1. Taking P(r) over Cα pairs in 10 Å bins from 0, in percent straight from the coordinates, which label in (i) 11, 42, 37, 9, 1; (ii) 10, 28, 27, 19, 11, 4, 1, 0; (iii) 10, 32, 26, 14, 9, 7, 3, 0 is the correct one?
2. For every helix of n ≥ 4 consecutive DSSP H residues, a contribution of -39,500 (n - 2.57) applies; sum these over the chain, divide by its total residues, and give [θ] at 222 nm rounded to the nearest 500 deg cm²/dmol.
3. In whole Hz, what ³J(HN,Hα) sequence does region 81-86 give by Karplus (6.51, -1.76, 1.60; θ = phi - 60°), x for Gly and Pro?
4. Once amide H atoms are placed 1.01 Å from N in the peptide plane, what residues at a sequence separation of 5 or more from residue 88, or on another chain, have their amide H within under 5 Å of its amide H?
5. Looking at the square roots a ≥ b ≥ c of the eigenvalues of the Cα gyration tensor of region 1-61, which shape do they give, rounded for a/c under 1.5, prolate if a/b is larger than b/c, or oblate?
6. Once amide H atoms are placed 1.01 Å from N in the peptide plane, what residues at a sequence separation of 5 or more from residue 76, or on another chain, have their amide H within under 5 Å of its amide H?
7. Taking a label point 7 Å from the Cα of residue 108 along the Cα→Cβ vector, which residues of region 8-33 have an amide N closer than 19 Å to it?
8. Between residue 14 and residues 5 or more places away or on another chain, which pairs have amide H atoms under 5 Å apart, with H built 1.01 Å from N, and which residues are they?
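What follows is calculated from the coordinates using simple rules that are stated; it is not laboratory data. Small disclaimer: the values here were computed from a predicted structure and weren't measured. A quick note on method: Cβ atoms are made from the backbone with ideal geometry, for glycine too, and the neighbour counts reach across all protein chains shown.
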Amino acid sequence: MVKMSVPRVLLVCLGNICRSPMAQGLFEHHARRLGCQAVIDSAGLADFHVGKRPDARAIEAAKARSIDIAHLTARQVMDHDFYRFDQIFAMDMANLSDLRARQPQDSMATVALVMGLVDPLGGPAAVPDPYFGDRSGFETVIEMLDQAASAWAAQVTLAHKGG
């Protein structure tokens, strides 16, 4: 059997304080749950929250699922990310378009919508940005991202087992 390398995943939204840190926490949680080693990180396309902790509502939504994201710090997507990560998942079409426009031609990273993990043939394509809404938006988003993270971890685990 061929030994697969450790998957390297980057989760991207606009500011890296809501959707992508919640996704990072969930992807790490599901990887651990299934015993999958992975490098998982998150970043934002814009620089206006660099160095800040996740939004308090995102921390609270994750904590309700026993996931701690309070230690994460926002950072911006860098050119080297396209070489460091195998998979880069965008939260919405605007993020996906921006990532594809920035991706160097010689990068081997796959850039796709995170919700494509749940239903590659349809379903919700975008994870809505909950930043300007109330707490219920964060609950909706974390539920969507939990489904994507669970599907990703199952796919990675199956691939590593040679299935």
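1. Identified label for the calculated read-out: (i).
2. -12000 deg cm²/dmol
3. Computed from phi, the couplings for region 81-86 are 4, 5, 9, 6, 10, 7 Hz.
4. The list, which skips near neighbours in sequence, is 10, 110, 111, 112.
5. Because a/c hits 1.5 or more and a/b fails to exceed b/c, region 1-61 counts as oblate.
6. Those lying under 5 Å, H to H, from residue 76 are 44.
7. 8-10
8. 45
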